[in-house]
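A quick write-up on the structure given underneath.
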Amino acid sequence: MTARRFSGRPSWRPNVAGFVTVAICVLAWEMTIQVGIFDYQYLPAPSAIVRGAGELAASGELITATLHTLESVFLGWAVAVAAGISLGLLLGSSPLLRRYSLATIEVLRPMPAIAFVPVALLLFGFSIQTELMVIVLPSLWPVLINTMGGLMEVHARLEEVGRTFRLSRSAILYKVFLPAATPAIMVGVRISLTLAVVLAVLAEMVGNPEGLGYAVVSQQQALRPDLMFVYVVVIGLLGLALNALLVGFVSMSFPAASAEFKGPRS
Amino acid sequence: MKRGELDVFLRLVAAEIPPARGLVPLLVLLTAWQLLAPGPSAYFPAPFEWWSAAVLLWDSGQLLPAFAATVTTFVEGLALAIAIGVGLGIAIGTSRPVERALGPLLEFMRAIPPPVTVPIATLLLGYDVTMKLTVVALSAIWPILLNTSSAAARVEPLLYDIARTFHLSTADWIRKIVIPSIVPFVLLGIRVAIPLAIVVTLLVEMLTSLPGIGALMIQSQRNFQSAQVYALLVIVGLFGFAVNDLFAIIEAIVLQRWPPKAPLRPC
């Protein structure tokens, strides 16, 4: 529970019971397979997965796949954040634009991300562009919606303060609205990062045959469940690590934003 | 339905539909696409061609069974996820030690992107409809389970005292106090789970070629039937939109019946 650290109460204590449960589950898994009570042909023991991890790390495959996935996540996320914030600023500051585009957003937003894979494949073939198209479009929405919402919720009095100081329209946007909306924007940015990881893996599974997502599918087809589980665990850890890095970065650079940063569980 | 209820219902429906003038950018884009498209194109077929491709698909008898298969999996998978997620969530959340003990395990399970469960399930369960359903339910369950359990764990402590004063049985405590206080959070979890369930349903179909819209999409892409790919994209998009709006209406109705109760304790 990272959020507790930001709430001002020093309530962090190690969850011993929780980690013991995890350890017991892993042990039980190992035992059932070693003893052979539960002989699923394609369920590897945790020790086999650890051996597999060593094998993949030594051959360098793990690093190559992870770097490829990281690259697409970062590129796609960066484009989504840049486009989402700019469009969100436009829509958030102009009621006219909002009136004439909200329904379009409402129609496009629930489009399932995966439906873009065949179209992207059609347009770009097996390439990183395919991945980027699949990542950018769906992870744009949380940033856009949160930026727009954040701007709309800024108190009208703040704008009056800006006017009193005779700030120009762009100066009001930059000096008043943007800082006030930062907490909301950061929530969108974080949701979009989590989404980008999932989408990159998805795009690699059915679109571009590279990276961690493709590695999972190809090890499944090669009937190497031990190696497949290595990639599954790495993908899970990658998501957790990126999220933790972003939370740390935001709480350092925008202390005011971190109080509301947790957002809904998603 | 009584007249008053019908009025309320219609108002809820109307509130969920944004004004149509907001569709202008989309219409402009599609019109420009139609006018500028250079006849039949392998990459950007004009919108009218999407329509004829959809009609062709319908006439060939492929569209309806595929759509039915996808919708059935989605609905059944989501229903399973809701039933198990809410049940387990209440069981975990109402007991503090259980919640603490299972917390890290559940958090890690949630961190694994749902699409990855597809290859695992393929290996362990093989290619069939049961596998499809299991995967969809398994991916959709986490947001529902975790929202339910964390809400159930944070029910206002004063209510415990009230329940004890009235000598409520455990069943009554859950039915009369826990469930009414967690409804909004369960709904939030379902809202997050819906797009996941749609994506995973389509993904299973794409990866395993089990019948459904996903299989149809990847098949038309492999045959370079671009108009058909776009037609299916629109159909899937409309389905996502319809499910989203339908759920918003259901959510509004449920919240009217069980309005949010006393605020939960901060976590």
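The values are calculated or read from the model by the stated rules, or taken from the named source; none is laboratory data. Just so it is clear, the structure is predicted and the values come from calculations on it, not from any experiment. Cβ sites come from the backbone with ideal geometry, for glycine too, and all protein chains shown count toward neighbours.
Brief remarks on what is shown
- Within the stretch B:194-242, the set of residues being of a type in the set (D, E, K, R) and out of contact with any Gly (no Cβ under 8 Å at 6 or more places or on another chain) comprises just one member, B:Arg222.
- Hey, A:Phe116 of a type in the set (Phe, Trp, Tyr), farther than 29 Å from A:Ile235 by Cβ, touching a residue at least 12 places away in the same chain (Cβ under 8 Å) and surrounded by 15 or more Cβ atoms within 10 Å (Cβ to Cβ) or not: no
- Residue match in the stretch B:128-135 (condition: closer than 30 Å to B:Pro260 by Cβ and either crowded, with 24+ Cβ neighbours inside 10 Å or at the interface with chain A (Cβ under 7 Å from one of its Cβ atoms) (or both)): no
Results for (1) in a helix (DSSP H, G or I); (2) of a type in the set (Gly, Ala, Ser); (3) surrounded by fewer than 18 Cβ atoms within 10 Å (Cβ to Cβ), shown as yes or no for each residue.
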{"position": "A:Ile49", "(1), (2), (3)": "yes, no, no"}
{"position": "A:Ala53", "(1), (2), (3)": "yes, yes, no"}
{"position": "A:Ala65", "(1), (2), (3)": "yes, yes, no"}
{"position": "A:His68", "(1), (2), (3)": "yes, no, no"}
{"position": "A:Glu71", "(1), (2), (3)": "yes, no, yes"}
{"position": "A:Phe74", "(1), (2), (3)": "yes, no, yes"}
{"position": "A:Ala82", "(1), (2), (3)": "yes, yes, yes"}
{"position": "A:Ile85", "(1), (2), (3)": "yes, no, no"}
{"position": "A:Gly88", "(1), (2), (3)": "yes, yes, no"}
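- Test result for A:Met111, assigned by TED's automatic domain parsing to the domain that holds A:Thr69, without any contact (Cβ under 8 Å) to a residue 40 or more places away in the chain and surrounded by fewer than 24 Cβ atoms within 10 Å (Cβ to Cβ): yes
- Note on the stretch A:190-238: residues that are surrounded by fewer than 23 Cβ atoms within 10 Å (Cβ to Cβ) and not in a helix (DSSP H, G or I) total 5.
- Residue within the stretch A:130-153 that is among the charged types (D, E, K, R) and over 30 Å from A:Leu70 (Cα atoms) present: yes
- Residue count for the stretch B:220-249 under the criterion of being surrounded by fewer than 23 Cβ atoms within 10 Å (Cβ to Cβ), more than 9 Å from every other protein chain (Cβ to nearest Cβ) and polar (S, T, N, Q): the result is 2.
- A single member of B:Leu106, B:Leu88, B:Leu36 is more than 10 Å from chain A (Cβ to nearest Cβ) and touching a residue at least 24 places away in the same chain (Cβ under 8 Å), and it is B:Leu88.
- Residues satisfying the stated conditions in the stretch A:204-236, i.e. free of Cβ contacts under 8 Å to residues at least 12 places away in the same chain and more than 8 Å from chain B (Cβ to nearest Cβ): A:Ser218, A:Gln221, A:Ala222
- Per-region count, the stretch A:32-43, residues more than 10 Å from chain B (Cβ to nearest Cβ) and either surrounded by 14 or more Cβ atoms within 10 Å (Cβ to Cβ) or at pLDDT 85 or above (or both): 2
- Among the residues making up the stretch A:86-115, a single one is away from chain B (no Cβ under 14 Å) and out of contact with any Leu (no Cβ under 8 Å at 6 or more places or on another chain): A:Ser86.
- Candidates A:Ser127, A:Ser168, A:Ser139: the one that is surrounded by 20 or more Cβ atoms within 10 Å (Cβ to Cβ) and either in the same structural domain as A:Phe249 (by TED's automatic domain parsing) or within 30 Å of B:Gln225 (Cβ to Cβ) (or both) is A:Ser139.
- Screening A:Ala3 on (1) within 12 Å of another protein chain (Cβ to nearest Cβ); (2) part of a helix (DSSP H, G or I); (3) modelled with pLDDT of 80 or more shows it passes everything except condition (3).
- Subset of the stretch B:45-74 [more than 30 Å from B:Arg191 (Cβ to Cβ), free of Cβ contacts under 8 Å to residues at least 12 places away in the same chain and either outside any loop (DSSP other than H, G, I, E, B) or not polar (S, T, N, Q) (or both)]: B:Val55, B:Trp58, B:Asp59, B:Gly61
- Residue check for B:Leu124: surrounded by fewer than 22 Cβ atoms within 10 Å (Cβ to Cβ) and more than 13 Å from chain A (Cβ to nearest Cβ): no
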